[in-house]
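Contents: one structure, followed by commentary.
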There are 2 protein chains.
Amino acid sequence: MSDEVGRAFVPGHITGFFSIHEDDDPERAGSRGAGLTLSEGVTVTVEPAAETSIDLNGEFAAVESGRRVLDDLDLTARISAETTLPLGAGFGISGALALGTAFAANDVFGGGRSENELVTIAHGAEVEAGTGLGDVVAQARGGIPIRLEPGAPAHNRLDGVPTRANIEYLSLGELSTAEVLSGSTTRLSEAGVEALVALVNEPTMETFMEQSNEFAERAELLTDEVRDVIEDVHDEGGQASMAMLGKTVFALDSGLSDAGYDANACRTHHAGATLIE
Amino acid sequence: MSDEVGRAFVPGHITGFFSIHEDDDPERAGSRGAGLTLSEGVTVTVEPAAETSIDLNGEFAAVESGRRVLDDLDLTARISAETTLPLGAGFGISGALALGTAFAANDVFGGGRSENELVTIAHGAEVEAGTGLGDVVAQARGGIPIRLEPGAPAHNRLDGVPTRANIEYLSLGELSTAEVLSGSTTRLSEAGVEALVALVNEPTMETFMEQSNEFAERAELLTDEVRDVIEDVHDEGGQASMAMLGKTVFALDSGLSDAGYDANACRTHHAGATLIE
């Protein structure tokens with residue numbers, strides 16, 4: 001609403017399982033699956049400028065998805081993003097930066113786009129940058145999104161698990177989404193669709209955690225280190241799985257602390273991306 | 001998440017304009033249009049009980065939509081709802097009660113339904129009770145919902161105006177939704193569709209307020225008293241219109257106060273219905 005800067009908050013998003021749906025049209029490309037949006041996320045500030053620049057936590061950042069959003073809107077601006085979440089670790093940072101840029105830029109420049117149009121631009125930018133397939137639409141929705149059909153709002157179909165939860169996470173390092181997505185993903189997508197069918201049949205947090213575990217095993221994405229942490233949580237009676245795609249373990253409630261890890265705590269988020277003051 | 005009571009918050013919803021879409025199937029019946037979800041709303045607590053009862057602000061209330069939701073879920077429970085919003089004045093109280101009951105009951109009884117399923121049940125209950133056509137799906141979404149296609153989630157299509165606003169409201173009394181909906185609504189629906197086309201073309205708050213005004217005039221729903229208040233706000237340079245359907249004036253920012261009225265203040269809400277603790 002200000003004339004000088006636009007600012008948006010976008011929740012972080014941990015994907016529990018997914019299947020890949022390629023399409024030449026970035027509005028139809030995307031993923032099915034399910035995840036958790038988080039009370040921690042990315043705050044994006046957009047300020048008109050002669051040349052586009054992006055910084056993340058005060059440092060120069062070449063986040064292609066954010067740059068593509070501004071290009072699509074035919075704008076140049078200074079984008080400043082802040083997050084408490086780890087980078088490159090499966091929290092949907094690039095999706096959040098794209099979506100936050102779209103919302104904040106539309107606000108400060110008076111672009112007159114609808115929310116669906118802004119989500120579509122951010123989703124397309126993320127798909128074309130190769131940094132994500134389903135984070136943007138999940139982050140626009142909030143809650144515990146189930147992505148029934150892939151793509152941007154004109155094509156996708158979303159539902160949600162009607163609950164809230166305390167979440168802990170522990171990040172063990174980066175994992176390149178682009179690299180995983182460029183490898184063979186047939187097995188991954190089969191496992192993702194099966195997990196989705198199970199969750200649709202019983203849309204509860206328990207099923208989400210179980211199916212996320214099944215998926216991580218079957219898609220062969222678990223590193224030994226991540227597997228060890230998850231098993232430690234399970235040994236203490238907790239529920240945990242791996243964030244897709246990152247070397248990150250997430251757990252319900254105090255699952256990681258109970259297993260002796262020094263984890264970060266947050267909650268699932270009740271809202272999607274929104275402008276803030 | 002508790003075993004003993006379930007509790008949900010559902011934002012209030014002021015409709016600015018709408019068109020009516022009848023269908024024998026309550027999941028397909030509904031309205032197109034646009035409105036504002038509000039930071040004030042209804043908190044619904046559901047507690048298992050041998051017989052269903054409903055009270056609203058501590059008094060017995062025969063809210064048919066809420067009872068129908070429990071019947072559809074094949075449950076009996078004590079529903080207690082609290083709201084700071086005026087009743088019967090165009091704030092979507094019965095929709096909120098239906099939706100909050102669905103979310104809270106699913107939580108406390110472990111019903112295992114998805115969010116879309118719960119919204120569908122609440123929407124159908126509201127349509128069958130004759131108390132609303134579009135509030136439930138708007139209240140499930142949050143923000144400033146544009147209802148592009150009518151009906152429950154399997155059929156409808158929603159978008160939103162990507163902004164937030166401070167809102168004032170002044171209620172001058174009750175107006176029966178059921179009564180207006182049972183009269184001739186051809187002119188109303190024509191005006192509603194034209195307003196929607198204009199808002200889709202330019203999805204901004206300014207257009208929403210302009211089109212709400214146009215609609216109120218053209219649908220011939222303005223009472224003299226409501227019209228006078230709106231004109232007073234306009235005379236002071238503010239923007240105001242009538243809540244559909246209630247004898248309620250809503251204004252942007254301090255529009256009503258600036259015109260000398262003792263109005264209530266709230267904000268648009270950034271989230272849809274959600275469980276609370």
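Summary of the geometry: segment A:131-177 and segment B:86-100, compared by the centres of their Cα atoms, lie 30 Å apart.
Each peptide in B:9-19, B:44-54, A:134-144 receives the mean, over its residues, of other Cβ atoms within 10 Å, and ordering these scores from highest gives A:134-144, B:9-19, B:44-54. By how many degrees, 0 to 90 and rounded to 10, does the Cα axis of helix A:224-235 deviate from the longest principal axis of chain A? Its long axis makes an angle of about 60 degrees. Selection among B:241, B:85, A:83 by position relative to the dipole of the protein assembly as shown gives B:241 as farthest towards the positive end (Cβ unit charges, Cα centre). Computed over chain B with a Gaussian network model linking Cα atoms closer than 10 Å, the most mobile of B:126, B:206, B:214 is B:206. Taking a ≥ b ≥ c as the square roots of the eigenvalues of the alpha carbon gyration tensor, segment A:166-267 is oblate, as a/c is not under 1.5 and a/b does not beat b/c.
What is the list of residues in segment A:71-102 whose amide nitrogen lies under 17 Å from a point 7 angstrom out from the Cα of residue A:51, following Cα to Cβ? The answer is A:71, A:75-80. Subtracting the Cα-Cα distance of residue A:234 and residue A:187 from their residue separation scaled by 0.36 nm leaves 14.4 nm.
Computed from backbone phi with θ = phi - 60° and the Karplus coefficients 6.51, -1.76 and 1.60, the 3J(HN,Hα) list for segment B:18-25 is 7, 10, 9, 10, 7, 7, 5, 8 Hz; x is used for glycine and proline. Here B:185, A:274 are placed in order of increasing Cβ neighbour count within 10 Å, fewest first, which gives B:185, A:274.
Determine the shape class of the protein assembly as shown: with a ≥ b ≥ c the square roots of the Cα gyration tensor eigenvalues, call it rounded for a/c under 1.5, and otherwise prolate if a/b is greater than b/c, oblate otherwise. Note, shape of the protein assembly as shown comes out oblate. Structure remark: mean-square fluctuation, Gaussian network model of chain B, C-alpha springs under 10 Å; the largest value among B:111, B:100, B:41 belongs to B:111. Using a 7 Å projection from Cα along Cα-to-Cβ, the label point at residue B:235 is separated from the same position in the remaining copies by 7.8 nm, smallest value first. What sits nearest the axis between copies B and A, counting only chain B Cβ atoms, is the residue and whole-Å distance B:271, 2. The mean sequence separation of alpha-carbon pairs under 8 Å and at least six residues apart, normalised by the residue count of segment B:166-267, gives a relative contact order of 44 percent.
Taking the Cβ of residue B:187 as the center, what net charge do the other residues with Cβ under 12 Å away carry, scoring Lys and Arg +1 and Asp and Glu -1? Net charge in that neighbourhood comes out at -3.
Counted by Cβ distance under 10 Å from residue B:94, the other residues give a net charge of -3, where Lys and Arg count +1 and Asp and Glu count -1. Compute the acute angle (0 to 90°) between the alpha-carbon long axis of helix A:205-218 and the principal axis of greatest extent of the alpha-carbon atoms of chain A; round to the nearest 10°. Helix A:205-218 sits roughly 80 degrees off the main axis of chain A. Charged side chains reduced to their Cβ positions (Lys and Arg at +1, Asp and Glu at -1) give segment B:184-255 a dipole of some 380 debye around its Cα centre. This model, with +1 at the C-beta of Lys and Arg and -1 at the C-beta of Asp and Glu, gives the protein assembly as shown a dipole about its Cα centre of some 300 debye.
Mean partner shielding of peptide B:107-117, defined as the number of other chain Cβ atoms within 10 Å of each residue Cβ, is 5.
Between A:109, A:91, A:60, the residue with the greatest mean-square fluctuation in the GNM of chain A (Cα pairs under 10 Å linked by springs) is A:60. Return one number: the angle in degrees, 0 to 90 and rounded to the nearest 10, between the long axis of the Cα atoms of helix B:115-129 and the longest principal axis of the Cα atoms of chain B. So the helix axis and the longest Cα principal axis differ by about 70 degrees.
Each label point was placed 7 Å from the Cα along the Cα-to-Cβ direction; for residue A:4 and residue B:60 their separation is 5.9 nm. Once backbone amide H atoms are built at 1.01 Å from N, residue A:53 has A:77, A:78, A:79 as its partners under 5 Å, excluding neighbours fewer than 5 places away on the same chain. Each Lys or Arg adds one and each Asp or Glu takes one away; over the other residues whose Cβ falls under 10 Å from the Cβ of residue A:146, this sums to +2.
Bear in mind these aren't lab numbers, they're just calculated from the coordinates by the rules spelled out. These numbers come from a predicted model, not from an experiment. In this analysis, Cβ positions are derived from the backbone assuming ideal geometry, glycine residues included, and neighbour counts consider all displayed protein chains.
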